[in-house]
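Peer 1: Below are the structure tokens for one structure; questions will follow.
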Amino acid sequence: MTSIPRITMVTGGARSGKSQLAESMTSRAPGPRVYIATAEAWDDEMTQRIEAHRARRDAGWTTLEAPLDLVGALQRSDDGRTPRLVDCLTLWLSNVMAAGDPGPRVAALCDGLRRQQGPVVLVTNELGLGIVPDNKLARRFRDEHGWMNQSIAAIADEVWMAVSGLPLRLKPERGTP
């Protein structure tokens, strides 16, 4: 038995501590854990970022790479008890948008998450707090990302935000206005 809710979403800005928070939450469960990576190493900087994430994890983690087929990776890894960490939905959405319309894949992800038996912790960025992007593609990505985050937050049991390395619980909240 784990102390992790079935679906947990962790959001935050760049370098906010969201991945470390999600890794810490996932590590509360005893036994093996699965890291579902959505990033692809397209350049040296991304290769270094991926290596830094790998270096933080101990031998108790198995890594699955799912730059596009996140739903399939979740289904294949769901044994009802092993916690999975998805890092990150922002990169996954970028991959999905490059491949076509993200709407059906985001809907399939939400459906897939509702069917999960084992716990899943999902990392995503919070993009809508900055300036309005100056080009159409960036604005579309920001909007699609915001809608994706809202959809996943709605079905999540817990939602956390990392700010300056500090965790803030957003859901379940104590009351709604």
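Peer 1: Which listed residue (Asn149, Val71, Trp42) has the Cα farthest towards the positive end of the charge dipole for region 7-171, taking +1 on Lys and Arg C-beta and -1 on Asp and Glu C-beta about the Cα centre?
Peer 2: My answer, from the dipole projection, is Asn149.
Peer 1: If you don't mind, there's one more thing I want to ask. Which of Arg84, Arg56, Arg139 moves most in a GNM of the chain, Cα contacts under 10 Å?
Peer 2: Arg56
Peer 1: Name the GluC sites (Glu not before Pro) in region 121-177 that are in a loop by DSSP and that have at most 16 other C-beta atoms within 10 Å, would you?
Peer 2: Loop-located and lightly packed - Glu173.
Peer 1: Give, as ranges by residue number, the residues of region 1-33 whose backbone N falls under 13 Å from the point 7 Å along Cα→Cβ of Gln117.
Peer 2: Output list for this probe position: empty.
Peer 1: Take the alpha carbon atoms of region 124-165, find their center, do the same for region 1-76, and report the distance between the two centers in whole angstrom.
Peer 2: 18
Peer 1: Over region 7-171, what lengths in whole Å, largest first, do the semi-axes of the equivalent ellipsoid take, defined as the square roots of 5 times the eigenvalues of the alpha-carbon gyration tensor?
Peer 2: On the way: eigenvalues 104, 65, 57 Å².
Result for region 7-171: semi-axes of 23, 18, 17 Å.
Peer 1: Then there's this: Report the antiparallel proportion of the DSSP beta bridges in the chain as a percent, rounded to a multiple of 5. Present the calculation step by step, with values, prior to reporting the outcome.
Peer 2: Numbers: 5 of 29 bridges.
If we restrict to bridges inside the chain, about 15 percent are antiparallel.
Every read-out reported here was derived from the displayed coordinates using simple, explicitly stated rules and does not represent laboratory data. Everything numeric here is computed off the predicted structure, so don't read it as measured data. Neighbour counts run over all protein chains shown; Cβ positions are idealised from the backbone, glycine included.
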